[in-house]
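The values are calculated or read from the model by the stated rules, or taken from the named source; none is laboratory data. Predicted model only: the values in this text are computed from it and were never measured. Note that we place each Cβ from the backbone using ideal geometry, even for glycine, and neighbour counts take in every protein chain shown. Each accessible area value is taken on the protein alone, full model and side chains, heavy atoms only, with ligands, DNA and RNA left out. Shrake-Rupley method; radii C 1.70, N 1.55, O 1.52, S 1.80 Å.
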Amino acid sequence: PRHHRLICNGMALDPNLATLPGILTSAGYRTHGVGKHHLQPILAPEKFAMPESIAFWNRETAKEWTGPYFGFQSVEFVIGEADTAAEAGHYANWLKKNYPDAAGLLSADAALEPRPHDLDEVWKSAIPAELHYNSWITERAVSFIKQTSTPFFLFVSFPDPHHPFQAPQPYCDRYDLDEVPLPQFVPGELEQMPSYYLEISRSSGQKFLQSYWESSEDSEQGFLLQTDDLQETSLRQAIALTYGMIEMIDDCVGRIFEALSEGGLEEDTIILFTS
């Protein structure tokens, strides 16, 4: 991050920087990205015309847009996570077109159970698992694998696990709260963060982002959520739902591996799993 300078939310990647998909495109690979890329801010003002911003998708021309994008020949976006994913991007358009009544099921208002009062970003999602953005990402990745006969680079990016801590059934019910281990806190551990993160997370951070956007209302700095005031039950719920999100992604990745195997590509594909 100290080199590419994306050290916090609300920043956009320099379009002049070399990227891996750009290098591979030049080398003859078919390059495609599906899911959350997060190379631009989702709250960027419309005047910047950034495809990963919600404002961009208010344009009529956005409906047919699939790239190119930072070296990718084509992309299919999930923008944000949880209910934000239903607002803009390719997944949101697919959901609104094919299952218009399902978009609202991603929201906290549709949660299967009441949320804890001290941590409102925790809920059991009401959307069917097969309509969830993780499943859509998987289907689009599998489709690309099956339809591509040339050497390819496929970037598959799941937004989860990420706050809000939410997962659809059956993943939201997989873990007993009494068996969820609590984290071990070491006093002063946050002070070990790199200096450029500490600078952003403190008072100087907001000033920095205001200068970046020249507008405080369009910044999306992000923040560090301290757990000091959370009830133990709330923390256990957040962890249990995080485990559920991870298990859902495990299943999704398994389906992608199956597609590679069915296409006879498992011995001829380099798989890099990263965060």
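Filtering segment 232-275 to residues that are of a type in the set (A, V, I, L, M, F, W, C), touching a residue at least 60 places away in the same chain (Cβ under 8 Å) and part of a loop (DSSP other than H, G, I, E, B) leaves only L265. Somewhere in segment 79-101, is a residue open to solvent by less than 40 Å² (accessible area, probe 1.4 Å), of a type in the set (V, I, T) and in a strand (DSSP E or B)? Checked segment 79-101: no residue is open to solvent by less than 40 Å² (accessible area, probe 1.4 Å), of a type in the set (V, I, T) and in a strand (DSSP E or B). Selection of segment 139-164 for residues being open to solvent by 50 Å² or more (accessible area, probe 1.4 Å), outside any loop (DSSP other than H, G, I, E, B) and not charged (D, E, K, R) yields Q147, F155. Can you tell me which condition G22 does not meet? The list is (1) over 22 Å from L154 (Cα atoms); (2) part of a helix (DSSP H, G or I), and all the others hold. Answer for G22: the failing condition is (1). You will find that of A88, A126, A110, the residue that is closer than 20 Å to E247 by Cα, in contact with a helix residue (DSSP H, G or I) (Cβ under 7 Å, 6 or more places away or on another chain) and among the aliphatic types (A, V, I, L, M) is A126 and no other.
In segment 30-51, the condition of being at pLDDT 95 or above, on the phi < 0 side of the Ramachandran plot and surrounded by fewer than 16 Cβ atoms within 10 Å (Cβ to Cβ) is met by no residue. Within segment 9-29, the set of residues being in contact with a Gly (Cβ under 9 Å, 6 or more places away or on another chain), under 25 Å from N134 (Cα atoms) and either of a type in the set (A, V, I, L, M) or surrounded by 21 or more Cβ atoms within 10 Å (Cβ to Cβ) (or both) comprises G10, L20, P21.
Filtering segment 110-129 to residues that are in contact with a strand residue (DSSP E or B) (Cβ under 9 Å, 6 or more places away or on another chain) and farther than 11 Å from A167 by Cα leaves A110, E113, P114, R115, P116, L119, E121. Every listed requirement among (1) open to solvent by 20 Å² or more (accessible area, probe 1.4 Å); (2) outside any loop (DSSP other than H, G, I, E, B) is met by D120 save one, (2). In segment 68-77, is there at least one residue being surrounded by fewer than 19 Cβ atoms within 10 Å (Cβ to Cβ), part of a loop (DSSP other than H, G, I, E, B) and touching a helix residue (DSSP H, G or I) at 6+ places or on another chain (Cβ under 7 Å)? No, every residue in segment 68-77 fails to be surrounded by fewer than 19 Cβ atoms within 10 Å (Cβ to Cβ), part of a loop (DSSP other than H, G, I, E, B) and touching a helix residue (DSSP H, G or I) at 6+ places or on another chain (Cβ under 7 Å). The set of residues from segment 75-87 being touching a strand residue (DSSP E or B) at 6+ places or on another chain (Cβ under 8 Å) and more than 16 Å from D160 (Cβ to Cβ) comprises V75, E76.
Within segment 179-199, the residues that satisfy the criterion of being open to solvent by 80 Å² or more (accessible area, probe 1.4 Å), more than 16 Å from G244 (Cβ to Cβ) and not in a loop (DSSP other than H, G, I, E, B) are E191, Q192, E199. If you go through segment 252-275, how many residues are under 26 Å from E179 (Cβ atoms) and surrounded by 14 or more Cβ atoms within 10 Å (Cβ to Cβ)? Count: 2.
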